[in-house]
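For reference, the structure discussed in these notes is given below.
The values are calculated or read from the model by the stated rules, or taken from the named source; none is laboratory data. It should be emphasised that the depicted structure is a prediction, and the values quoted were computed from it without experimental measurement. Note that we place each Cβ from the backbone using ideal geometry, even for glycine, and neighbour counts take in every protein chain shown. The protein model used for the area step is the full one, side chains on, heavy atoms only, and it has no ligands, DNA or RNA in it. Shrake-Rupley method; radii C 1.70, N 1.55, O 1.52, S 1.80 Å.
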Amino acid sequence: MKINRNFDNLTESYLFAEVARRTQAYAEAHPDKRIIKMGIGDVTLPLAPVVVEAMKKAADEMANKETFKGYPEYEGYDFLRNAVSGYYASFGVSVDPAEIFVNDGAKSDCGNIGDIFSSDCTVLVTDPVYPVYVDSNIMAGRNIVYAPSDLENGFCAMPDKNVHADVIYLCSPNNPTGAAYTAEQLSEWIAYAIENDAVILYDAAYEAFISDDLPRSIFAVEGARECAIEFCSLSKTAGFTGTRCGYTVIPKELERDGHNISKLWYRRQSSKFNGVSYPVQRAAEAVFSPEGQRQTRANIEYYKRNAAVIADTMEALGISYTGGRNSPYIWITCPNGFSSWEFFDFLLEKANVVATPGEGFGECGKGCMRFTSFADYESTIEAMKRITAALI
Ligand code: PLP
């Protein structure tokens, strides 16, 4: 037999391993120092009480012959699809429940969606990039082109008419840069996608962090229904990283190459996916209840307050950054000409703070650093004080 040799083309992802190695080595050599981790990519606050109650009640139903549930529907229960549709309506976007596919998180679908596209497709990603888009397409043997995000375009990469793409990944608000597209910028991408007969795969995993007047969904922008699929997740919206639930929206009229995309995706899901568990779908439904929204918003506001502390510190230090207002990420250009890894070592040694070197997310991340707002408030304040003291 032969294995899929495309795996040989994956680059070893050493970023987080190297961060952990350097951090541990420093901690062992300096056991008296308290290291503050500002690179955490996972949420830290627990699930909202109303969500936990819904999950417990559903677990009780599973214990009773009359209310027990077996396999769920591949595309999710109607109660959750209706709740998600209502959530979209709350910010003015019309999505029919039948266009919503419930899943076990955005990561799976961002990668799995490739099953319905030919391996000949050219895939465009913005650089720096959430590595899942790149690795899943390398595994499928697809050609990848990169659209640079840099200081010049405010880390919002824009289309180049001279480059052709069939599949376009956009992430807004972006991981790792925290930058978020305006409606006008998304319109340009939509026009480019339609011109290229391409499909935009829009990752809105951080939409709940948007507070400025920016689109929370690509479907808020005209033309998107002709060319886009949207992925969303309760991971960062409601602390579901360990609970696992998200949803993918495919407009029912979206067609390519003589095929209806929604039908293809249903065919793919019904062949390879057996749905999300009933208690988790009930927990997800509770997120969208008025009380669920109130409680989960409080957690988001906690992280956003941390993000504001980090952004304000960078502002005061005269360090150029993106994100922090509409995103849990703050992406900075390293001061004093430091490279990403030089600044990583500087922060670790001089401030005992750990952040994530930007070059781990792509060529355009060189000389940049990602801070996250998932630490606790007191540690965030302390970390910013230490960085300020180290730099001035
Ligand atoms: N998309 C982006 C941009 C992310 O940063 C993440 C998680 O970090 C995901 C998707 C994955 O989310 P999930 O936990 O729903 O799989």
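Is it the case that the stretch 94-116 has a residue that's assigned to a loop (DSSP other than H, G, I, E, B), within 16 Å of the ligand (Cβ to nearest atom), open to solvent by 20 Å² or more (accessible area, probe 1.4 Å) and not assigned by TED's automatic domain parsing to the domain that holds Asp257?
For the stretch 94-116, residues assigned to a loop (DSSP other than H, G, I, E, B), within 16 Å of the ligand (Cβ to nearest atom), open to solvent by 20 Å² or more (accessible area, probe 1.4 Å) and not assigned by TED's automatic domain parsing to the domain that holds Asp257: absent.
The single condition from (1) over 30 Å from Asp32 (Cα atoms); (2) surrounded by 21 or more Cβ atoms within 10 Å (Cβ to Cβ) that Ala351 fails is (1). Take the conditions (1) in contact (Cβ under 8 Å) with a residue 40 or more places away in the chain; (2) outside the structural domain of Val354 (by TED's automatic domain parsing); (3) of a type in the set (A, V, I, L, M, F, W, C); (4) within 16 Å of the ligand (Cβ to nearest atom); Val132 misses just one of them, which is (1). Out of the residues in the stretch 268-294 that are assigned to a helix (DSSP H, G or I) and open to solvent by 40 Å² or more (accessible area, probe 1.4 Å), which is farthest from Gly76 (Cα to Cα)? Looking at the filtered set, the residue picked out is Arg294.
Being in a loop (DSSP other than H, G, I, E, B) and of a type in the set (Val, Ile, Thr) is the filter; apply it to the stretch 1-32 and report the residue that is surrounded by the fewest Cβ atoms within 10 Å (Cβ to Cβ). In this case the residue turns out to be Ile3. Determine the pairs where a residue that is within 30 Å of Ala355 (Cβ to Cβ), located within the stretch 1-25, has a partner that is not in a loop (DSSP other than H, G, I, E, B) with Cβ atoms under 6 Å apart, the partner being 6 or more residues away or on another chain. Listed pairs, sorted by first residue: Asn9/Ile138; Leu10/Asp135; Leu10/Ile138; Leu15/Gly360; Thr23/Val354. Being buried (at least 16 other Cβ atoms within 10 Å of the Cβ) and assigned to a loop (DSSP other than H, G, I, E, B) is a condition met by at least one residue of the stretch 136-145.
Of the residues making up the stretch 71-81, none is within 28 Å of Ser327 (Cα to Cα) and open to solvent by 40 Å² or more (accessible area, probe 1.4 Å). Restricting Lys57, Lys65, Lys69 to residues that are assigned to a helix (DSSP H, G or I), more than 16 Å from the ligand (Cβ to nearest atom) and either under 30 Å from Pro97 (Cα atoms) or of a type in the set (S, T, N, Q) (or both) narrows the list to Lys57.
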